[in-house]
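Report on the following structure.
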Amino acid sequence: MSRLALLALAITVLAFAAAAGFFYAYSISVMVGLDAAPAKAAIEAMQGINREVTNVWFALSFFGAPLYALIALLLCLLTKNRAAAAWVFMAFAIYMSGTFGVTVSQNVPRNEALALVNATDTSADLETIWTTYSSQWTAWNHIRTLSSLAAVLFTALAFRAAKPA
């Protein structure tokens with residue numbers, strides 16, 4: 001396998017790992033910490049996080065990982081390493097469905113709905129709003145975490161299947 005293909009696999013595994021770490025941190029600490037805070041504070045904090053999360057560093061892993069995987073897949077196919085190509089394809093597929101797809105279909109709509117909540121509205125049942133949001137959002141985030149971790153594993157297996165030229 002060419003050095004370029006190996007480099008593409010290395011970049012891909014790092015990007016998937018960065019995404020997995022991002023989602024894992026939310027599952028085990030960020031959401032746990034926000035759940036321990038008063039609902040008003042948790043809502044305001046999450047609204048702030050959601051406004052700031054779409055930045056270049058997030059994009060490099062979240063959006064970059066599937067792009068890097070496609071490049072690695074193409075290079076694996078060009079070097080005729082079908083085993084590595086199969087593992088990379090599986091990494092791409094699980095990430096696109098379980099991480100990217102879940103983000104777009106489940107987490108983002110919840111974030112958009114939370115953005116509309118006025119945390120200073122004393123008539124709103126902020127506790128119920130936060131509890132519902134947090135439990136559903138976190139459950140879907142666990143799926144994103146596991147899918148991203150599976151993508152890391154599959155890309156590592158692709159790297160293992162790669163044979164240096």
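The values are calculated or read from the model by the stated rules, or taken from the named source; none is laboratory data. Keep in mind the model is a prediction, meaning the values are calculated, not measured. All Cβ positions, glycine included, derive from the backbone under ideal geometry; neighbour counts span all protein chains shown. Only protein heavy atoms, including side chains, enter the accessible area calculation; ligands, DNA and RNA are left aside. Shrake-Rupley method; radii C 1.70, N 1.55, O 1.52, S 1.80 Å.
Does Ile143 satisfy the criteria of being farther than 24 Å from Leu7 by Cβ, over 22 Å from the mean Cα position of the chain (by Cα) and open to solvent by 10 Å² or more (accessible area, probe 1.4 Å)?
Values: farther than 24 Å from Leu7 by Cβ: yes; over 22 Å from the mean Cα position of the chain (by Cα): no; open to solvent by 10 Å² or more (accessible area, probe 1.4 Å): yes.
The answer is no for Ile143.
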Seminar exercise, completed: Taking the range 115-128 and the residues there that are in contact with a helix residue (DSSP H, G or I) (Cβ under 7 Å, 6 or more places away or on another chain) and under 12 Å from Ala39 (Cα atoms), the one that is least open to solvent (accessible area, probe 1.4 Å) would be Ala119
Problem set entry | Options Phe58, Phe100: the member that is closer than 18 Å to Val152 by Cα, open to solvent by 40 Å² or more (accessible area, probe 1.4 Å) and either assigned to a helix (DSSP H, G or I) or at pLDDT 95 or above (or both) | Phe100
Exercise. Glu112 versus (1) in contact (Cβ under 8 Å) with a residue 40 or more places away in the chain; (2) more than 16 Å from Asp35 (Cα to Cα); (3) of a type outside the set (Ser, Thr, Tyr): which is the lone unmet condition?
Worked result: (1)
For this session: Assess whether Leu73 counts as being open to solvent by 80 Å² or more (accessible area, probe 1.4 Å), within 25 Å of Ala17 (Cβ to Cβ) and either modelled with pLDDT of 95 or more or not basic (Lys, Arg) (or both).
Result: no
Problem set entry | Residue count for the range 22-52, restricted to those that are surrounded by 15 or more Cβ atoms within 10 Å (Cβ to Cβ) and within 23 Å of Arg144 (Cα to Cα) | 14
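Looking at Val32, Val53, Val13 in this structure, which one is of a type in the set (Val, Ile, Thr), within 24 Å of Thr155 (Cβ to Cβ) and either out of contact with any helix residue (DSSP H, G or I) (no Cβ under 6 Å at 6 or more places or on another chain) or free of Cβ contacts under 8 Å to residues at least 24 places away in the same chain (or both)?
Working: Val32 fails: within 24 Å of Thr155 (Cβ to Cβ); Val13 fails: either out of contact with any helix residue (DSSP H, G or I) (no Cβ under 6 Å at 6 or more places or on another chain) or free of Cβ contacts under 8 Å to residues at least 24 places away in the same chain (or both).
Among Val32, Val53, Val13, only Val53 is of a type in the set (Val, Ile, Thr), within 24 Å of Thr155 (Cβ to Cβ) and either out of contact with any helix residue (DSSP H, G or I) (no Cβ under 6 Å at 6 or more places or on another chain) or free of Cβ contacts under 8 Å to residues at least 24 places away in the same chain (or both).
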For this session: Any chance you could count how many residues in the range 146-165 are part of a helix (DSSP H, G or I) and open to solvent by less than 80 Å² (accessible area, probe 1.4 Å)?
Result: 11
